[in-house]
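Data block below; observations after.
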Amino acid sequence: MNRTALPLWGIIVGSASDAGDDGPFDSAVSGAGRVSVSAAGRVRVTLAASPAVPGTYPRYKVEAVECLPGSADAVPGTDDENLGGHVRTVPVCGT
């Protein structure tokens, strides 16, 4: 795994290359933008022009990622089909 911490992002995306149930798989986690809410309650989504890629995961298929509240850690979950799955924490969220 290759990873670096993102600044605090509101939208974290996991993406994967999937050649079939036996792999090979490759994945990345990206900071795609942020969500903000104005004092009037208006929601704004701002997408990153060039998303930061704080983590790449060769041989794994990341299908979900969640930043842990108050932590730099995220929990990426993989579904590696016939190869099983993994859950771990990685410091990609920023604080």
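The values are calculated or read from the model by the stated rules, or taken from the named source; none is laboratory data. Computed from a predicted structure; not experimentally measured. Note that each Cβ is placed from the backbone with ideal geometry, even for glycine, and that neighbours are counted across all protein chains shown. Protein only, heavy atoms only, side chains kept; ligands, DNA and RNA dropped before computing areas. Shrake-Rupley method; radii C 1.70, N 1.55, O 1.52, S 1.80 Å.
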For this session: Collect the residues in region 53-95 that are touching a Phe, Trp or Tyr at 6+ places or on another chain (Cβ under 8 Å) and polar (S, T, N, Q), keeping them in residue-number order.
Result: 78
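Give the residue, chosen from 23, 31, 70, that is of a type in the set (Gly, Ala, Ser) and on the phi < 0 side of the Ramachandran plot.
Residue meeting the stated conditions: 31.
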For this session: Provide a single number: the residues in region 42-59 that are open to solvent by less than 50 Å² (accessible area, probe 1.4 Å), in contact with a Ser or Thr (Cβ under 6 Å, 6 or more places away or on another chain) and not hydroxyl-bearing (Ser, Thr, Tyr).
Result: 1
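For region 71-90: of the residues being free of Cβ contacts under 8 Å to residues at least 24 places away in the same chain and not hydrophobic (A, V, I, L, M, F, W, C), which is farthest from residue 10 (Cα to Cα)?
The residue in question is 84.
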Exercise. Residues in region 65-87 that are among the polar types (S, T, N, Q) and buried (at least 16 other Cβ atoms within 10 Å of the Cβ): how many?
Worked result: 1
Exercise. Does residue 31 satisfy being at pLDDT below 85 and in contact with a helix residue (DSSP H, G or I) (Cβ under 9 Å, 6 or more places away or on another chain)?
Worked result: no
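Being among the β-branched types (Val, Ile, Thr), touching a Ser or Thr at 6+ places or on another chain (Cβ under 7 Å) and surrounded by 17 or more Cβ atoms within 10 Å (Cβ to Cβ) narrows it down to one residue among 90, 62; which is it?
62
Residues checked against (1) of a type in the set (A, V, I, L, M, F, W, C); (2) modelled with pLDDT of 85 or more; (3) not in a loop (DSSP other than H, G, I, E, B):
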site	(1), (2), (3)
17	no, yes, yes
27	no, yes, yes
65	yes, yes, yes
72	yes, no, no
92	yes, no, no
For this session: Please tell me if residue 23 is touching a strand residue (DSSP E or B) at 6+ places or on another chain (Cβ under 6 Å), crowded, with 16+ Cβ neighbours inside 10 Å, of a type outside the set (A, V, I, L, M, F, W, C) and at pLDDT below 85.
Result: no
